[in-house]
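What follows is calculated from the coordinates using simple rules that are stated; it is not laboratory data. Just so it is clear, the structure is predicted and the values come from calculations on it, not from any experiment. Ideal geometry is used to build each Cβ from the backbone, glycine not excepted, and the neighbour counts take in all protein chains shown.
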There are 2 protein chains.
Amino acid sequence: MSKEIPYKIYLDEKDIPSSWYNMRADMKNKPAPLLNPGTRQPMTAQELSGVFCEELVKQELDETTPYIEIPQEIRDFYKMYRPAPLVRAYCLEKKLGTPAKIYYKFEGNNTSGSHKLNSAIAQAYYAKKQGLKGVTTETGAGQWGTALSMACAYFELDCKVFMVKVSYEQKPFRREVMRTYGASVTPSPSETTEVGRKILAEHPGTTGSLGCAISEAVEVATHNEGYRYVLGSVLNQVLLHQSVIGLEAKAAFDKYGIRPDMIIGCAGGGSNLGGLIAPFMGEKLRGEADYRIIAVEPASCPSFTRGKYAYDFCDTGMICPLAKMYTLGSSFIPAPNHAGGLRFHGMSTTLSQLYHDGYMEAVTAKQTDVFEAAEYFARVEGILPAPESSHAIKVAIDEAKKCKETGEEKTILFGLTGTGYFDLVAYEKFNDGKMDDYIPTDAELEEALSRLP
Amino acid sequence: MSKEIPYKIYLDEKDIPSSWYNMRADMKNKPAPLLNPGTRQPMTAQELSGVFCEELVKQELDETTPYIEIPQEIRDFYKMYRPAPLVRAYCLEKKLGTPAKIYYKFEGNNTSGSHKLNSAIAQAYYAKKQGLKGVTTETGAGQWGTALSMACAYFELDCKVFMVKVSYEQKPFRREVMRTYGASVTPSPSETTEVGRKILAEHPGTTGSLGCAISEAVEVATHNEGYRYVLGSVLNQVLLHQSVIGLEAKAAFDKYGIRPDMIIGCAGGGSNLGGLIAPFMGEKLRGEADYRIIAVEPASCPSFTRGKYAYDFCDTGMICPLAKMYTLGSSFIPAPNHAGGLRFHGMSTTLSQLYHDGYMEAVTAKQTDVFEAAEYFARVEGILPAPESSHAIKVAIDEAKKCKETGEEKTILFGLTGTGYFDLVAYEKFNDGKMDDYIPTDAELEEALSRLP
């Protein structure tokens, strides 16, 4: 007889994972290395450490160590908002009338409103430990910038955020949260950097782009003593830190002897999905267990499902290293859909390799379907989800409905990466019936892919 | 040797209180009854039940039953976001260098962003049980309206919210959350009610007031078959439901054998404070224990500290029953400070009686001091607090600093009622150094108090 499952499974604080799990250690085919865009040779630790913190460079390049200890200072910070609950969606199941058992790992339970804090605090810690004065970064939708501001406030590090100008103006509240946490927030492009001035001279009145903001942040990090650049997704180090999501979820399941049949996560750069699936994928890679793993991406930015597995630039400015990944081409500009965190043209190299090797599936979801699922979920489960997270909700509901048809009692886990408090302009459009869907044409995709380096 | 206290003390779901606690049962001097404004006689159950749900009228008038069972349906809903954590503010203590032990009960851990949901779900439940079609209410800042929308979505009740027009226009995001949860939100005054049309005719272009919104909500509730009016603070029934906050906090403390020396809460209409202190006040009333209990109110709206204990109207429109309470006069219009939830001219009748009888203290805090404390707290404890809650933070920090001077290891509990995601206009003003303080003059207060009924 099994124990009664509560609505929310909380681990004890002492059970917060003491190590991160590095999926690459169990991969037979390792993800392809980052290449120097000039020499086309793998980036060395020395090359990377001009831009990134030393310890993070080590983590970025480490393909063999399965478990990397989480420093105590980071674990102490984790205790302020972790363990995050693994929630049994009893109300959603009842409403759907499904025999499926639906669980979600809720990572929106902190002021940054998303899972981004898991890696932000780690990156800030290593910067502090290296004796740096501060870090620079870019932010679009603002989740990463907010998380990094919080982490830097905790370690009393300077934090310089370049925020895409259009977001700076349209999302003043995100900007104010960052300022409240002591970050300086500069609309990008700005007059404060060489690259910013150049772009402004060439394109007066531009509202900026993520690629431009990256360029400015990297310039400030490399031209100022005691600064480094940090990034909130795509990189291996970020997936490593985010493994805390999956490790906690698995520990919570283990407490009740539960094994999920399928794991569903939204996929932009891959930070959430890579973190959520990490320990489950580890078992799959080692042949110890099997799980269906499903990446959900927006129909407007379908890197896995319609992209190409090839070397490409990570930024639109084409100054960053080349990464082998599923990509739509660094010149591809996705439609202005409301899941800002899923608008990256590429994908984590690790997840790309795993997808290429058949360890996971990928599907797309249309924006209006995603918001319909978001609203349905909000009304029955109480939480207002972020548009990004709602991609996973949409597919979880679809799978639960299939179980209703077949009568199968499958156990579904999905990642609820964050809350939608700063996305109400999007909800308003949906409530007013004014939301569009956008699916790129084959011709558009071919055009962008034809420019791969 | 005592057990190690975690950062967050979570109760098990089975330990969510099964009954609410009714402070009035242990009060020797009962709060004075509501009076019919026409006859000046105590309101009868029959009179009240034209406006309120029957079961809620019973609770409103019940002065003798100490524990009232929480129906299972409500407890099931509570499980979606409760137990709320009792947090040990280790980081704040360290930063302050205080020997004090600081705890806060965090009630912002749900989409409504505040404790209001505790009573909203109870009121929606009783409305549903009575077979009603829906409920009406007013909202100013929007916390209560949001909570009620969520509760009504859960029980599939119609929810009509009259939102003060200026808030409707200035807080579009709050409005959209309510709409996402299926509520109809009408800017008040509106053309949809008789009283609204009358006010619009008399004051064309008015941006509305809480008093006017109450009048419209009551009119719709009483003129439509199957509707009742519900209210988020001040009333005894609301304090009863909110006792779940204090009961959980006490149970969490008891788990570790801890007894707080002082309990601090912000005070607007009294719903949070009355709920937080309930079981502690019970012990104090029964002579079983002593606690220092401190209400914190804004310097701009000081009902306890500068008001009069007298019968007054609860609304500016003077259509509601008379309540004996600490009041600044129903014609007093507080300055437009940013703690919208603390701008009520009066106070819960129960808390008023307890204050009058010397069972609690009250202090005021200035707006800029409150935001300074809010930002300080956000940076060390990670949570972005609501302006209302930050009044309690300010005084908790002051008390912890006193302990640093005296070396006393006092245990401080304060109520962190909610989050500040929808208050970033206020944070922006503070970050820009543009925030004002406002303290009413004696002459202003005398003028408003001279008009008491």
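Computed values, structure above
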quantity: Peptide-level mean, for A:421-428, of C-beta atoms on other protein chains within 10 Å; calculated: 5
quantity: Shielding score for B:368-375, defined as the mean number of other chain Cβ atoms within 10 Å; calculated: 1
quantity: Label 7 Å beyond Cα on the Cβ vector: B:HIS203 copy-to-copy distances, nm; calculated: 4.9
quantity: 3J(HN,Hα) from dihedral phi, segment B:191-208, Karplus parametrisation 6.51/-1.76/1.60, rounded to Hz, x for glycine, proline; calculated: 7, 7, 10, 5, 5, x, 4, 4, 5, 5, 5, 6, 10, x, x, 5, 9, x
quantity: DSSP bridge orientation in chain B - percent antiparallel, rounded to nearest 5; calculated: 35
quantity: Where N is the number of residues in segment B:157-226, Cα Rg divided by 2.2 N^0.38 Å; calculated: 1.08
quantity: Antiparallel bridge percentage (DSSP; both residues within the protein assembly as shown; nearest 5); calculated: 35
quantity: Sorted by Cβ neighbour density within 10 Å, fewest at the top, the residues B:MET318, B:MET80; calculated: B:MET318, B:MET80
quantity: Contact order relative to length of chain A, as percent, for alpha carbon pairs under 8 angstrom and 6 or more apart; calculated: 19
quantity: Chain A: angle of helix A:117-129 to the longest principal axis, Cα-based, in degrees nearest 10; calculated: 40
quantity: Cβ nearest the rotation axis (A onto B), residue from chain A and distance to the nearest whole Å; calculated: A:TYR421, 2
quantity: Centre separation in Å (Cα based) which lies between segment A:105-143 and segment B:144-174; calculated: 33
quantity: Estimated vicinal HN-Hα couplings, Hz - segment A:99-110 in sequence order (Karplus 6.51, -1.76, 1.60; Gly, Pro = x); calculated: x, 5, 9, 10, 10, 9, 8, 9, 10, x, 7, 8
quantity: Cysteines in chain B that, by Cβ-Cβ distance, have no pairing candidate under 4.7 Å; calculated: B:CYS53, B:CYS91, B:CYS212, B:CYS266, B:CYS301, B:CYS403
quantity: Spatially proximal aspartates and glutamates relative to A:LYS198 (Cα-Cα < 13 Å; intrachain offsets below 8 disregarded); calculated: A:GLU216, A:GLU219
quantity: Net length gained if the chain between A:ARG40 and A:LEU200 were fully extended (0.36 nm per residue, minus Cα distance); calculated: 54.6 nm
quantity: Sequence ranges A:275-285, B:166-176, A:345-355, ranked by mean other-Cβ count within 10 angstrom, highest first; calculated: A:345-355, A:275-285, B:166-176
quantity: Kirkwood Rh, Cα atoms: Rg over Rh of segment A:107-266; calculated: 1.04
quantity: For B:174-185, mean number of other protein chain Cβ atoms within 10 Å; calculated: 4
quantity: Rg over Rh, two decimals, chain A (C-alpha only, Kirkwood Rh); calculated: 0.94
quantity: Karplus-derived HN-Hα couplings along segment B:364-379 (A = 6.51, B = -1.76, C = 1.60, θ = phi - 60°), whole Hz, x at Gly and Pro; calculated: 10, 9, 7, 3, 5, 5, 5, 5, 4, 5, 4, 5, 4, 4, 4, 5
quantity: Principal-axis tilt of helix A:143-155 within chain A, Cα atoms, nearest 10 degrees; calculated: 80
quantity: Length added when fully stretched, A:ALA443-A:ASP12, from 0.36 nm per residue minus Cα-Cα; calculated: 149.9 nm
quantity: Across B:LYS28/B:LYS129; A:LYS101/A:LYS284; B:LYS8/B:LYS394; A:LYS14/B:LYS14, pairs whose alpha-carbon gap is larger than 28 Å; calculated: B:LYS28/B:LYS129
quantity: Ranked packing of A:299-308, B:380-389, most packed first, by mean Cβ within 10 Å; calculated: B:380-389, A:299-308
quantity: Distance (nanometres) between label positions extended 7 Å along Cα→Cβ at A:THR368 and A:GLU73; calculated: 5.1
quantity: Cα long-axis angle, helix A:210-223 against chain A (0 to 90 degrees, to the nearest 10); calculated: 60
quantity: For B:HIS356, B:HIS338, order by how many other beta-carbon atoms lie within 10 Å, fewest first; calculated: B:HIS356, B:HIS338
quantity: For B:CYS266, B:CYS212, A:CYS91, order by how many other beta-carbon atoms lie within 10 Å, fewest first; calculated: A:CYS91, B:CYS212, B:CYS266
quantity: Convex hull of segment A:187-303 built on C-alpha atoms - directionally averaged projected area, nm²; calculated: 10.4
quantity: Separation in nanometres of the label points that stand 7 Å from Cα toward Cβ, at A:ASP432 and B:THR305; calculated: 4.3
quantity: Shape call, the protein assembly as shown: gyration tensor on alpha carbons, a/c limit 1.5; calculated: prolate
quantity: In nm, spacing of pseudo-spin labels at A:LYS404 and A:LYS129 (7 Å Cα→C-beta vector); calculated: 4.9
quantity: Translational diffusion coefficient (Stokes-Einstein; Kirkwood radius from C-alpha pairs) of segment A:242-359 at 25 °C, 0.890 mPa s, in µm²/s; calculated: 164
quantity: Shape of segment A:28-102, Cα gyration tensor, a/c cut at 1.5; calculated: prolate
